[in-house]
Amino acid sequence: MTMQGAKSRFRIAVTEALMITAAAIILGFVYTAVMGKGLFGSSPATGKEAVSLPSVTYEEARDLYLKGEALFVDARHTYDFGAGRIKGAISVPLQDFDTIRPMLSIIPKDRALVIYCDGADCNSSRELALKLKADGYTSIKVFFGGWTEWTAHGQPREP
């Protein structure tokens with residue numbers, strides 16, 4: 001093979017690699033736009049929102065539960081709620097919020113609510129709390145330890 005032939009093959013390979021890379025980038029942007037993620041997702045929470053949503057520790061959640069001072073709201077999927085939940089909790093799956101919203105009108109807007117999901121890695125509780133706050137609920141707390149921490153301490157659950 002001549003030096004000229006090797007250079008030509010190298011240029012073709014580099015051109016093909018650049019075209020594949022450009023196609024991957026375009027497909028990535030299309031995917032994130034369709035899925036509403038990344039640059040095309042809703043804006044990340046600001047510090048202001050985080051401050052307006054107080055959280056509770058496991059001990060505070062347990063005390064609120066034992067005193068009957070709060071309604072516990074499970075933000076997990078319906079399947080997870082059915083498999084096990086904090087005893088007495090109601091199910092308001094984040095993804096079904098718009099469907100369930102009319103039924104929530106029976107809960108007084110000033111009722112103390114403790115929102116939870118699976119645990120510290122789950123943001124559904126925080127997102128649901130923001131939606132409830134936007135709907136006018138005034139006494140919302142997020143239990144970030146959630147179902148994982150509750151069950152680890154052997155607290156009341158059902159079924």
Self-check item: Beta bridge orientation in the chain: antiparallel %, DSSP, nearest 5
Solution: 15 percent
Self-check item: Separation of the Ala83 and Leu27 label points, Cα + 7 Å toward Cβ, nm
Solution: 3.2 nm
Quiz item: At each listed q (0.12, 0.14 Å⁻¹), what is the log10 of I(q)/I(0) that the Debye formula gives for the stretch 87-159 modelled as equal alpha-carbon point scatterers?
Solution: -0.32, -0.44
Quiz item: Given C-alpha coordinates of the chain, what is the ratio Rg to Rh with the Kirkwood estimate of Rh?
Solution: 1.30
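For the chain, what is the mean residue ellipticity at 222 nm derived from helices alone (per DSSP H run of n ≥ 4: -39500 (n - 2.57); sum divided by total residues; nearest 500 deg cm²/dmol)?
-14500 deg cm²/dmol
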Exercise. Could you go through the stretch 78-89 in sequence order and give the Karplus-derived ³J(HN,Hα) for each residue, using 6.51 cos²θ - 1.76 cosθ + 1.60 with θ = phi - 60°, rounded to whole Hz, and x for Gly and Pro?
Key: 4, 4, 5, 4, x, 6, x, 7, 5, 4, x, 5
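Bear in mind these aren't lab numbers, they're just calculated from the coordinates by the rules spelled out. The structure presented is a predicted model; accordingly, all values stated were derived computationally and were not measured. Glycine gets a Cβ as well: all are built from the backbone with ideal geometry, and neighbour counts include every protein chain shown.
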